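To start, the structure itself, in structure tokens.
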Amino acid sequence: MSEQVYFKTSAGVKDIVGRDLITNDFVAVFELVKNSFDALASRVDVVIEDEVIYIVDNGKGMTRDELLGKWLFLGYSAKQDGQEAKAIRNLDSIPEDFRSRIDKNRSAFAGNKGIGRFSCDRLGCHLELFTKSASTDNNELLLLSVDWRDFEDKLSRRIENVPLNLDICEPNELPLIDNVPFEYGTIAKITGVRSEWDRSKILKLKTSLAKLVNPFGSHSELNIFLHSKKELSQDEKSIAAAETTEFISEMSIAEFGESNFQESQIPRENNEVVNGEVRNLVLDRISRHTTNIQVTLEDKGRLIRSKIFDRNELIVEYIEVNKYEKLFGLDAYIEIHFLNKAARNVFTRYMGQPSTQFGHIFLLNDGFRVYPVGEPTDDTFGLNQRKTQGYSRFLGTREIIGQINIKNGKKEDFREASSRDAGLVRTPAYTQLEDLFSQKCLRPLERYVTGVLWVDKEDNDRLDLSGMQSDNARARIISTVANITKSKDINIERYSENFLKIIDDNSQSFSDAMDALEKVAAKLDNKALSKELAVANKKHREIERKRREAVAEAEAHRKARRLAEKEAKQEKEKREFAEKSAIEAQKRVNFFTALDTNDFDSLVAYHHHVGTYSSEVTKHVILARNKIKRNIFKEHDIEDFIESVELANSKIQSIVNFATKANFILDGEETKADLSQFMPQYINKICSVFSGSGLEFETINYADEFVKEFKPIELFVIIDNLVHNASKAGASKLTFKLTTPSDKLLLVEVTDNGSGLDTFVRDINTIFEKGYTTTTGSGLGLFHARDLMENELNGRIDAVMGDGRAIKFRLEFTR
């Protein structure tokens, strides 16, 4: 036996459909503004003070029957079942100024779930709802008082058993709000505010409200005003501060890389002022500096019209049949703006915030933002995920801003999720809308940006099309437009005669550009353009024929010249072959020839150089003595003094070592010689003598000729230090191996059979540090060797440790 049973509704359902679904304070304000829009309001005032929030509109208001039968009917939406639209069309006894707002065919409403009224509960504990109908037949001023805590205290009771107070008021009982007019409509006075509204939060609300109705335009069916007395003084300070930076001068525009910027001044939106009208003019200001595409559904959604603009120039306009059947009957407008670096700078200057913080692709349904689509952190359309697959091919949310604006869609196709920050429900129609956005708007723009703009790196800093005037740039535009419109279903209606035109027939890009332009002309059915193309192609073919003939003639001359050059080269090689032996022999001529005495000129030269370096020592001694007398001789001065004297002494010692053993004239300036022969001769003929009989020298020379300019004394200091270190390490044999790994590099490897590196030394590179020593020496020899190699001889010296802690030095000379 069956029995009929019924749901019971507790007062607690108020929280389920209210605060649990309306997820934050901003969404609560948005819902109340949407209700005002649906009530045909042309103005909404949002007033925020410390203890009270007002939402005031000049909509049609409510009669007593509407208040009881609709507003107090939980979950009921007169908009959803068509009653609201019907009531609007039947309003006959209304003021003339109100009647002008009524669209007799209006069927779309911003809210349709019957839960927006519970936004008041989200904002505060108590609500006083004043409403006056625009109808002259029944325009009583009504006051409904709701204390939301009554529902929370009586959760066990049915919601309809919680009493509310409904009163008829006199006009003087209306709350007085400065600068907020009220004749009819609705005032929601919310007290017992649940959260703090500081200046930062109010400014964020203003920014969000600016994007709520129309993020990209100054014209809207609903004007929103924000008020807060407590912020007036701070507003005045912000306005005063903004006056000095209100305009961007022509010199400032140069920061954007724009040399021909036509607009000398750009007013900046003051986003730091709370009180005033909420508006957003961003695209009105910057659209002339962006590359953008606009896509519109026309003919009851049967046609798709697309327009591509580049810096305010219409590049191409085309139409095609809409194959998205779920979108038939829908009014849709989509636009995307690509902002290069210069345009982003203009955006930041004007808006006071980077475009990346403003948002990207906003979704508007029947005139209102759908959250969170377009928020900086949102990626509803998967743009950033797609960009990771190809940074040079795709656009991400940080590079574009735009909107998807739909109207008159079926509510079952385009409805918001119950949670007011979850976007639209993914119905088949909404899925097709996303595909329309991706295939017909985003991808054509990407093809243009990547195919035309990104090829020219300098275009990133331009605000106009000055860089697109070259034949190569126009050829890219022509080819890209042909590629975008290549489908047989696309018909071109308009195009830019400034860019889609015949380019210079001498241009390297002529052939490809003309092929693409022929396709465009065919789609346009432009017989005049096709005729011009035929003439240009004929002229180009003639030029190409003459060019080929000239190339062939030039090639014949080149072949004859190469044959003559080959014969001349063979003769030259024969002559040079005879000289080669002499050249090879000359390489073997000693730079240093042992003599018992030196001629007078050589002795004078050696005496001069010893005197020069001795003077250096004297200079450093005098400088040190003066500093000591003045008591300013510091620790680092001691190190500098020792280093300078040690280097000068090393040079003197090197001169003394070979002065009596060579007739080579030591030159203080650079000498040009073959290092592959110079070094072995110095080692064998000079070093082997002054080092004594206890050290055997071996030179292994696999190097090719390596002629280089250098100062011999600097090379002597380096070699002498290596010889001296080997001797101190107890070595009996020192080996120098010379190779030329390339024609630009001479490598000298120096090894000995001495005791090697002391065991307590951890890092072999420390042996080149200033003052480092494991003996009684100064610790400057290898430091000077590295300094001379790197800074004077354009080379480098390194040390590596082998078996038994033996050290191998590597000297690299480059030219």
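Computed quantities for the displayed model
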{"read-out": "All positions within the range 310-326 that are assigned to a strand (DSSP E or B), buried (at least 19 other Cβ atoms within 10 Å of the Cβ) and in contact with an Asp or Glu (Cβ under 9 Å, 6 or more places away or on another chain)", "value": "VAL316, TYR318"}
{"read-out": "Tally, over the range 269-292, of residues that are closer than 22 Å to LYS230 by Cβ, at pLDDT below 80 and aliphatic (A, V, I, L, M)", "value": "0"}
{"read-out": "Some residue of the range 47-59 being on the phi < 0 side of the Ramachandran plot, modelled with pLDDT of 85 or more and in contact with a His (Cβ under 7 Å, 6 or more places away or on another chain)", "value": "yes"}
{"read-out": "Selection within the range 459-476 - of a type outside the set (S, T, N, Q), open to solvent by 30 Å² or more (accessible area, probe 1.4 Å), in contact (Cβ under 8 Å) with a residue 60 or more places away in the chain and over 17 Å from ILE400 (Cα atoms)", "value": "ASP464"}
{"read-out": "Some residue of the range 328-338 being of a type in the set (Val, Ile, Thr), closer than 21 Å to ILE308 by Cα and surrounded by fewer than 17 Cβ atoms within 10 Å (Cβ to Cβ)", "value": "no"}
{"read-out": "Scope the range 367-378; condition open to solvent by 50 Å² or more (accessible area, probe 1.4 Å) and touching a helix residue (DSSP H, G or I) at 6+ places or on another chain (Cβ under 8 Å); matching residues", "value": "PRO376"}
{"read-out": "Positions within the range 724-738 being assigned to a helix (DSSP H, G or I) and touching a strand residue (DSSP E or B) at 6+ places or on another chain (Cβ under 9 Å), in sequence order", "value": "ASN725, ALA726, SER727"}
{"read-out": "Tally of residues being crowded, with 22+ Cβ neighbours inside 10 Å and without any contact (Cβ under 8 Å) to a residue 12 or more places away in the chain across the range 339-366", "value": "0"}
{"read-out": "Answer residue from the range 175-202, given it is hydrophobic (A, V, I, L, M, F, W, C) and within 17 Å of VAL44 (Cα to Cα) and is modelled with the lowest pLDDT among those", "value": "LEU176"}
{"read-out": "Pairs with Cβ under 8 Å, 6+ apart, first in the range 701-720 and outside any helix (DSSP H, G or I) and of a type in the set (A, V, I, L, M), second at pLDDT 85 or above and open to solvent by 20 Å² or more (accessible area, probe 1.4 Å)", "value": "ALA703/THR739; ALA703/THR740; VAL707/LYS672; VAL707/ARG815"}
{"read-out": "Scan of the range 151-168 for residues that are free of Cβ contacts under 8 Å to residues at least 60 places away in the same chain and either assigned to a loop (DSSP other than H, G, I, E, B) or surrounded by 15 or more Cβ atoms within 10 Å (Cβ to Cβ) (or both), ordered by number", "value": "PRO163"}
{"read-out": "Failed item, numbered, when ASN791 is tested on (1) free of Cβ contacts under 8 Å to residues at least 12 places away in the same chain; (2) surrounded by 13 or more Cβ atoms within 10 Å (Cβ to Cβ)", "value": "(2)"}
{"read-out": "Residues within the range 110-128 that are modelled with pLDDT of 85 or more and open to solvent by less than 10 Å² (accessible area, probe 1.4 Å), tallied", "value": "5"}
{"read-out": "In the range 379-420, the residues that are surrounded by fewer than 20 Cβ atoms within 10 Å (Cβ to Cβ), under 26 Å from VAL33 (Cβ atoms) and within 24 Å of the chain's Cα centre (by Cα)", "value": "THR380, PHE381"}
{"read-out": "Of all residues in the range 702-752 being in contact with a Gly (Cβ under 6 Å, 6 or more places away or on another chain) and of a type in the set (A, V, I, L, M), the one that is nearest to GLU792 (Cα to Cα)", "value": "ALA726"}
{"read-out": "Lone unmet requirement of (1) open to solvent by 20 Å² or more (accessible area, probe 1.4 Å); (2) more than 19 Å from the chain's Cα centre (by Cα) for LEU436", "value": "(1)"}
{"read-out": "Yes/no for GLY754 being out of contact with any Ser or Thr (no Cβ under 7 Å at 6 or more places or on another chain) and either closer than 27 Å to ARG815 by Cβ or assigned to a loop (DSSP other than H, G, I, E, B) (or both)", "value": "yes"}
{"read-out": "Residue in the range 288-302 that is of a type in the set (Ser, Thr, Tyr), crowded, with 16+ Cβ neighbours inside 10 Å and farther than 26 Å from PHE347 by Cα present", "value": "no"}
{"read-out": "Residue check for ASP489: acidic (Asp, Glu) and exposed (fewer than 14 other Cβ atoms within 10 Å of the Cβ)", "value": "yes"}
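One line per residue, one yes/no per condition, for (1) in contact with a helix residue (DSSP H, G or I) (Cβ under 7 Å, 6 or more places away or on another chain); (2) assigned to a helix (DSSP H, G or I); (3) modelled with pLDDT of 90 or more; (4) under 18 Å from GLN294 (Cβ atoms):
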| position | (1), (2), (3), (4) |
| --- | --- |
| GLN353 | no, no, no, no |
| LEU363 | no, no, yes, yes |
| ASN384 | no, yes, yes, no |
| TYR391 | no, no, no, no |
| PHE394 | yes, no, yes, no |
| ARG398 | yes, no, yes, no |
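The values are calculated or read from the model by the stated rules, or taken from the named source; none is laboratory data. Worth saying up front: this structure is predicted, and the values here are computed from it rather than measured. Note that we place each Cβ from the backbone using ideal geometry, even for glycine, and neighbour counts take in every protein chain shown. Note: areas computed on protein heavy atoms with side chains; ligands, DNA, RNA excluded. Shrake-Rupley method; radii C 1.70, N 1.55, O 1.52, S 1.80 Å.
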